[in-house]
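A.B. asks: The structure is given below, and queries will be raised subsequently.
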Amino acid sequence: MSNANSDTVPIRGFPQSDRSQEVDTKFAARYKKNPDFYIRVPGRVNLIGEHVDYCGYGVCPMALEQDVFLAVSVEKDPILRLHNMDKQYTDFECNLKNLSISVGDGAPEWHQYFLCGIKGIFDILPKDVDFKGMNVVVSGKVPLSAGLSSSSALVSAAALATAHAHNFPMSKEKIANLCAECERYIGTQGGGMDQAIAFLATEGCAKLIEFGPLRSTDITLPGGAVFVIAHSLAKLNKAATADFNCRVVECRLAGQRRSKGRNGNYTNVLHLENRTLAPFGGVFTNDFHFGPGGIPHGIRKLAEIACRDQERDLNLFDRWDIIAKKRGLEWASVKRLGDLQQALKVDLSEMITIVEETLHEEPYTKEEVIRELETTSDHLNDTSLTQNTRHIQTFKLRQRALHVFREARRVELFHSICNKPMDGTTLATLGRLMTDSHESLRDLYECSHPQLDRLVELSRELTFGARLTGAGWGGLRGGARPPREPRQIHEDAEREVLRRTQTQRN
Ligand code: ADP
Ligand code: NG1
Ligand code: MG
């Protein structure tokens with residue numbers, strides 16, 4: 001963000017260029033004045049950690065040079081005027097006193113993304129603040145609907161402009177969280193990665209972004225690696241279809257439901273307030289409703305007998321015993337797979353085993369989910385589904401949950417490998433993780449696109465690994481391309497290790 005008091009003030013981090021001059025010229029022509037300040041928010045590429053942020057897991061994005069750039073003047077009357085440098089977008093004007101965002105079927109209008117950012121700030125401004133208006137010229141360079149997060153760059157730029165216009169400073173974390181919240185007014189239930197990297201990125205490195213609370217750690221990528229971003233030319237506006245939200249609710253339901261586990265036993269990957277479901281067959285085929293004191297001793301004994309040779313199940317039972325004592329949690333409140341893992345206090349490998357043992361391969365029908373949660377269609381619609389997913393009749397819970405837990409583990413591995421000194425295997429290992437991620441997104445999460453898959457295939461020979469980036473169903477893929485022959489990289493790496501060792505000795 002920078003002030004623009006005169007024609008000659010350079011925009012910080014954004015040297016005067018043809019583009020900024022064009023924006024200034026357009027601003028002056030359109031609004032008969034100069035802008036008061038400028039806002040610039042980057043797009044991002046996600047290196048690994050796809051479709052896990054809304055489940056509470058960490059991601060590895062980095063900011064791009066491509067950005068959304070705004071020139072803004074603050075107006076006393078609460079009128080918003082928007083002009084876009086891209087002629088495909090029509091001008092928009094409204095009174096901000098009656099701000100409403102009603103997104104219908106199909107793709108939202110471009111200005112509605114802008115309104116999301118404004119509304120996010122208006123929601124938290126002190127009650128006695130008079131809403132100001134803004135004249136805005138928008139210039140966007142992030143490819144649209146291509147998985148590089150043009151939507152969040154626009155929403156975040158609008159929020160930052162509104163906060164600045166109202167002299168309402170916020171920490172980077174606070175505004176990032178707010179923008180994640182308010183972009184949901186557009187209809188998609190995203191997880192916050194895009195807005196987090198938009199505000200927390202630093203030049204020259206990728207970030208490990210973690211949630212609850214939001215935090216970021218620099219990731220130093222291995223020297224010599226080049227990340228190539230290529231467009232498959234298949235696009236999707238994520239708010240125009242139910243695809244994105246369908247995955248969000250499938251993950252949610254996978255965490256909420258209980259199911260028959262191995263040996264046909266009832267098992268559950270979920271703890272409930274004052275009650276737990278027995279993870280064993282025969283003895284407990286129905287729910288038991290336990291009091292606040294946890295699982296009664298007699299029942300516990302029965303369970304021990306019933307599964308004395310099933311040690312793993314017994315361990316699980318112990319954990320649920322503890323969890324069942326915790327008050328205030330019931331299935332409808334488990335919104336994310338990450339919450340469930342935290343409550344179960346197990347690692348990701350164990351979560352993967354639990355999913356493999358408890359969720360079946362065939363898609364779950366809506367009736368089945370309703371039956372097993374002992375709820376009603378209306379209640380499920382209210383607690384777990386979104387407006388645009390209520391019509392969906394089948395959910396692939398096992399496949400989606402497996403992707404999430406395995407992808408979360410890949411992020412951990414990616415991060416830990418980047419933290420180690422580079423050796424001859426580093427790039428190949430990172431590339432393998434990217435390829436595994438792609439295959440999982442293609443086969444388990446089913447959010448790829450034939451053009452994208454083809455690009456990934458074609459780049460096999462040329463890269464250490466390649467994958468789609470962003471939400472998918474079109475979009476782009478990122479690839480780690482070797483800038484030199486692999487053999488030379490290894491030689492260079494060896495030389496570098498030798499150099500470091502010598503420096504340390506000296
Ligand atoms: P992405 O992966 O790029 O975030 P989305 O489908 O989430 O894709 O959002 C794309 C939509 O965001 C566009 O269709 C448009 O409505 C809006 N948008 C993003 N950038 C701009 C811009 N510079 N100007 C106008 N609208 C934009
Ligand atoms: P894009 O690629 O911008 O549609 C979306 C979500 C992210 C994340 C990724 C998938 C929004 C604003 N963004 O990104 O939170 O879930 O998909 O990893 O919903
Ligand atoms: Mg988007």
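The values are calculated or read from the model by the stated rules, or taken from the named source; none is laboratory data. Fair warning: this is a prediction, and the values are worked out from it, not measured in the lab. Heads up, the Cβs are rebuilt from the backbone with ideal geometry, glycines too, and the neighbour counts pull from every protein chain shown. Quick note on the areas: whole protein, heavy atoms, side chains included, nothing else; ligands and nucleic acids left out. Shrake-Rupley method; radii C 1.70, N 1.55, O 1.52, S 1.80 Å.
A.B. asks: Which numbered condition trips up V74, out of (1) among the β-branched types (V, I, T); (2) closer than 22 Å to Y185 by Cβ; (3) open to solvent by 20 Å² or more (accessible area, probe 1.4 Å); (4) away from ligand 1 (no atom under 15 Å from the Cβ)?
C.D. replies: (2)
A.B. asks: Quick one: P108 ticks every box in (1) open to solvent by 20 Å² or more (accessible area, probe 1.4 Å); (2) within 11 Å of ligand 1 (Cβ to nearest atom) bar one, so which box is it?
C.D. replies: Among (1) open to solvent by 20 Å² or more (accessible area, probe 1.4 Å); (2) within 11 Å of ligand 1 (Cβ to nearest atom), the lone unmet condition for P108 is (1).
A.B. asks: In addition: Take segment 228-240 and flag every residue that is within 16 Å of ligand 2 (Cβ to nearest atom) and on the phi < 0 side of the Ramachandran plot.
C.D. replies: The answer is I229, A230, H231, S232, A234, K235, L236, N237, K238, A239, A240.
A.B. asks: Next question, about the same structure. Testing K76 on (1) over 20 Å from the mean Cα position of the chain (by Cα); (2) within 16 Å of ligand 3 (Cβ to nearest atom), one condition comes back false. Which one is that?
C.D. replies: Of the numbered conditions (1) over 20 Å from the mean Cα position of the chain (by Cα); (2) within 16 Å of ligand 3 (Cβ to nearest atom), the odd one out for K76 is (2).
A.B. asks: Might you let me know whether segment 210-229 holds any residue that is open to solvent by less than 20 Å² (accessible area, probe 1.4 Å), within 16 Å of ligand 3 (Cβ to nearest atom) and more than 30 Å from V369 (Cα to Cα)?
C.D. replies: No, there is no match, as no residue in segment 210-229 is open to solvent by less than 20 Å² (accessible area, probe 1.4 Å), within 16 Å of ligand 3 (Cβ to nearest atom) and more than 30 Å from V369 (Cα to Cα).
A.B. asks: Would you point out the residue of segment 384-401, among those that are part of a helix (DSSP H, G or I) and among the basic types (K, R), that is most open to solvent (accessible area, probe 1.4 Å)?
C.D. replies: R398
A.B. asks: Only one of these conditions is not met by L154: (1) farther than 18 Å from L80 by Cβ; (2) within 15 Å of ligand 3 (Cβ to nearest atom). Which number is it?
C.D. replies: It is condition (1) that L154 fails.
A.B. asks: Now for a separate question. Please indicate, with yes or no, whether at least one residue in segment 17-24 is assigned to a loop (DSSP other than H, G, I, E, B), more than 30 Å from G338 (Cβ to Cβ) and not small (G, A, S). Quick ask: steps written out before the conclusion?
C.D. replies: Taking segment 17-24 first, the residues assigned to a loop (DSSP other than H, G, I, E, B) are 17.
Keeping just the survivors that are more than 30 Å from G338 (Cβ to Cβ) gives 17.
Those still in the list that are not small (G, A, S) too: none.
For segment 17-24, residues assigned to a loop (DSSP other than H, G, I, E, B), more than 30 Å from G338 (Cβ to Cβ) and not small (G, A, S): absent.
A.B. asks: Could you list all residues from segment 143-173 that are hydroxyl-bearing (S, T, Y) and surrounded by fewer than 19 Cβ atoms within 10 Å (Cβ to Cβ)?
C.D. replies: S171
To keep it simple, each residue is scored yes or no on (1) over 16 Å from Y113 (Cα atoms); (2) assigned to a helix (DSSP H, G or I); (3) of a type in the set (K, R); (4) within 16 Å of ligand 1 (Cβ to nearest atom).
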{"position": "V142", "(1), (2), (3), (4)": "no, no, no, yes"}
{"position": "S151", "(1), (2), (3), (4)": "no, yes, no, yes"}
{"position": "A157", "(1), (2), (3), (4)": "no, yes, no, yes"}
{"position": "L160", "(1), (2), (3), (4)": "no, yes, no, yes"}
{"position": "M170", "(1), (2), (3), (4)": "yes, no, no, no"}
{"position": "C179", "(1), (2), (3), (4)": "no, yes, no, yes"}
{"position": "T188", "(1), (2), (3), (4)": "no, no, no, yes"}
{"position": "G191", "(1), (2), (3), (4)": "yes, no, no, yes"}
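A.B. asks: Turning to a different aspect of this structure: Restricting to segment 193-204, name every residue that is open to solvent by less than 20 Å² (accessible area, probe 1.4 Å) and either near ligand 2 (Cβ under 8 Å from one of its atoms) or within 17 Å of I118 (Cβ to Cβ) (or both).
C.D. replies: Residues satisfying the conditions are M193, Q195, A198.
A.B. asks: Would you confirm whether or not segment 33-40 contains a residue that is assigned to a loop (DSSP other than H, G, I, E, B) and within 27 Å of I197 (Cα to Cα)?
C.D. replies: Scanning segment 33-40, I find at least one residue that is assigned to a loop (DSSP other than H, G, I, E, B) and within 27 Å of I197 (Cα to Cα), so the answer is yes.
A.B. asks: Looking only at segment 53-88, how many residues end up being out of contact with any Ser or Thr (no Cβ under 8 Å at 6 or more places or on another chain), in a loop (DSSP other than H, G, I, E, B) and among the hydrophobic types (A, V, I, L, M, F, W, C)?
C.D. replies: Matching residues across segment 53-88 total 1.
A.B. asks: On to the next question. Being of a type in the set (S, T, Y) and under 13 Å from D243 (Cα atoms) is the filter here; which residues of segment 355-393 pass it?
C.D. replies: T386, T389
A.B. asks: Of the residues V404, V456, which single one is assigned to a helix (DSSP H, G or I) and either in contact with a Cys (Cβ under 8 Å, 6 or more places away or on another chain) or on the phi > 0 side of the Ramachandran plot (or both)? Full working, then the answer.
C.D. replies: Details: V456 fails: either in contact with a Cys (Cβ under 8 Å, 6 or more places away or on another chain) or on the phi > 0 side of the Ramachandran plot (or both).
Unique residue meeting the criteria: V404.
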